[in-house]
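Below: one structure, written as structure tokens.
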Amino acid sequence: MTNEEIFEKKIQDDVRIEPKDWMPEAYRKTLIRQISQHAHSEVVGMLPEANWITRAPTLRRKATLLAKVQDEAGHGLYLYSAMETLGMPRAQAIDDLLSGKAKYSSIFNYPTLSWADMGTIGWLVDGAAILNQVPLCRTSYGPYARAMVRVCKEESFHQRQGFEIMQSLSQGSAEQKAMAQDAINRWWWPTLMMFGPRDAESGNTELSMKWRIKRFTNDELRQKFVDMMVPQAQHLGLSIPDPRLKWNEEKKGYDFGDVDWNEFWKVVKGQGPCNKQRLEARNKAHDQGAWVREAAAAYAEKRAKRAQLGASA
Ligand code: BYC
């Protein structure tokens, strides 16, 4: 069998592809593309929430939010490590993020204006992330799939913390309920955009489905998300800002309105409400953290030298 035939058979038999296995160059490239944008999303995703750590309403909320934001940093690290097994150095990927060349999820280019945004991000945004990422635990590339198992466990905790915030607000004063509704009104449509463009406009889906990197298309996941969230919003007594939302008995799912794809592409191309601010914040953190990276590298070098001396003594 040729390398290509062995690879295709593994994909068909659901045998994981591992770093040292032969793989088509396009498979390697599309994985680097997806994993790096995913890792950057986790890291940039810390910014909108970090904005509220100092303003969380209670100590318990503050501790939980802090833990959640730290988890996102961890997710970025697992993912950068998975990406490195494909031959893409982390430093290069980070340079591409900092220069604005690399993509990260559109959702993190929207501002977090109230405490209810923390609930909505946890509930809606992490809910979307889970739907997208649970199938990635079965993605064909081993290191990515294994990273996703841990990420998904943590994401489900994140979603519950968000839902709990929404529950408290929706059962609170009229002002709190209005704050929760306002947050849903602002986050609903950007969350639907997280699943990517419509299948007809998604250039990467066909090959990614063939190679079992993706297990569902963008539109399939978007539909699942709407079907999952409508009953949860009803439970909260909050409404979804879509006048065209309607149960369709035939397809056993909801029909829903059109996403504003012009807005989506504008945000993806760098012209969203907070793109500039996010990149500036990442660049500042990177520059201010240079001494930590230098110190860690110097310490690692010292330890390696000591170990070498010990071995030759
Ligand atoms: N934002 O051909 P398509 C999280 C790009 S982390 C920006 O459909 P694909 C969380 C796409 O990259 C959220 N760009 O692509 C973290 C492509 O451009 P390139 C991130 C987007 O890869 C912290 C082009 O548009 N999750 O939830 O087949 C706290 C055409 O798209 C977006 C992941 O990354 C977007 N929304 O499908 C809380 C999951 N959508 O690369 C929460 C893993 C599309 O050709 N990624 N683009 O230049 C995926 O599952 C897939 O990459 C996507 C896109 C479904 C996102």
Candidate set: the stretch 22-54, residues that are open to solvent by 30 Å² or more (accessible area, probe 1.4 Å) and touching a Phe, Trp or Tyr at 6+ places or on another chain (Cβ under 7 Å); chosen: the one farthest from Phe195 (Cα to Cα): Trp22
Qualifying residue in the stretch 149-158 (condition: crowded, with 17+ Cβ neighbours inside 10 Å, within 11 Å of the ligand (Cβ to nearest atom), part of a helix (DSSP H, G or I) and among the aliphatic types (A, V, I, L, M)): yes
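Out of Gly196, Gly162, Gly172, which single residue is touching a Leu at 6+ places or on another chain (Cβ under 9 Å), at pLDDT 95 or above, open to solvent by less than 50 Å² (accessible area, probe 1.4 Å) and assigned to a loop (DSSP other than H, G, I, E, B)?
Numbers: Gly162 fails: assigned to a loop (DSSP other than H, G, I, E, B); Gly172 fails: touching a Leu at 6+ places or on another chain (Cβ under 9 Å).
Exactly one residue qualifies, and that residue is Gly196.
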Qualifying residue in the stretch 6-16 (condition: within 15 Å of the ligand (Cβ to nearest atom), of a type in the set (D, E, K, R) and either surrounded by fewer than 13 Cβ atoms within 10 Å (Cβ to Cβ) or touching a residue at least 60 places away in the same chain (Cβ under 8 Å) (or both)): no
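Quick check on this structure: which one of Ile94, Ile130, Ile107 is surrounded by 20 or more Cβ atoms within 10 Å (Cβ to Cβ), of a type in the set (Val, Ile, Thr) and in contact (Cβ under 8 Å) with a residue 24 or more places away in the chain?
Going through Ile94, Ile130, Ile107 in turn, the sole match is Ile107.
Hey, can you tell me all the residues within the stretch 240-256 that are assigned to a loop (DSSP other than H, G, I, E, B) and open to solvent by less than 70 Å² (accessible area, probe 1.4 Å)?
Narrowing the stretch 240-256 to residues assigned to a loop (DSSP other than H, G, I, E, B): 240-245, 249-252, 256.
Once the filter is applied, which keeps residues that are assigned to a loop (DSSP other than H, G, I, E, B) and open to solvent by less than 70 Å² (accessible area, probe 1.4 Å), the stretch 240-256 yields Ile240, Pro241, Asp242, Leu245, Phe256.
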Pair list, Cβ < 6 Å and 6+ apart or interchain, from the stretch 46-66 residues that are free of Cβ contacts under 8 Å to residues at least 12 places away in the same chain to residues that are assigned to a loop (DSSP other than H, G, I, E, B) and surrounded by fewer than 20 Cβ atoms within 10 Å (Cβ to Cβ): Lys62/Ala56
Which numbered condition Leu86 fails, given (1) part of a helix (DSSP H, G or I); (2) touching a helix residue (DSSP H, G or I) at 6+ places or on another chain (Cβ under 7 Å); (3) open to solvent by less than 10 Å² (accessible area, probe 1.4 Å): (1)
Inter-residue pairs, beta-carbon under 7 Å, first open to solvent by less than 40 Å² (accessible area, probe 1.4 Å) and of a type outside the set (A, V, I, L, M, F, W, C) and in the stretch 218-239, second in a helix (DSSP H, G or I) and modelled with pLDDT of 95 or more, 6+ apart: Asn218/Asp199; Asn218/Thr205; Arg222/Leu192
Subset of the stretch 212-226 (residues that are away from the ligand (no atom under 11 Å from the Cβ) and either in contact with a Phe, Trp or Tyr (Cβ under 6 Å, 6 or more places away or on another chain) or part of a loop (DSSP other than H, G, I, E, B) (or both)): Arg212, Val226
Single condition Asn3 does not satisfy, out of (1) crowded, with 16+ Cβ neighbours inside 10 Å; (2) touching a Phe, Trp or Tyr at 6+ places or on another chain (Cβ under 7 Å); (3) of a type outside the set (D, E, K, R): (1)
Restricting the stretch 92-112 to residues that are closer than 15 Å to Arg282 by Cα and part of a loop (DSSP other than H, G, I, E, B), the residue that is nearest to the chain's Cα centre (by Cα): Ser105
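The values are calculated or read from the model by the stated rules, or taken from the named source; none is laboratory data. Bear in mind the structure is a predicted one, so any value in this text is a computation, not a measurement. Glycine gets a Cβ as well: all are built from the backbone with ideal geometry, and neighbour counts include every protein chain shown. Ligands, DNA and RNA are stripped out before the accessible areas are found, and what is left, the full protein with its side chains, is counted by its heavy atoms. Shrake-Rupley method; radii C 1.70, N 1.55, O 1.52, S 1.80 Å.
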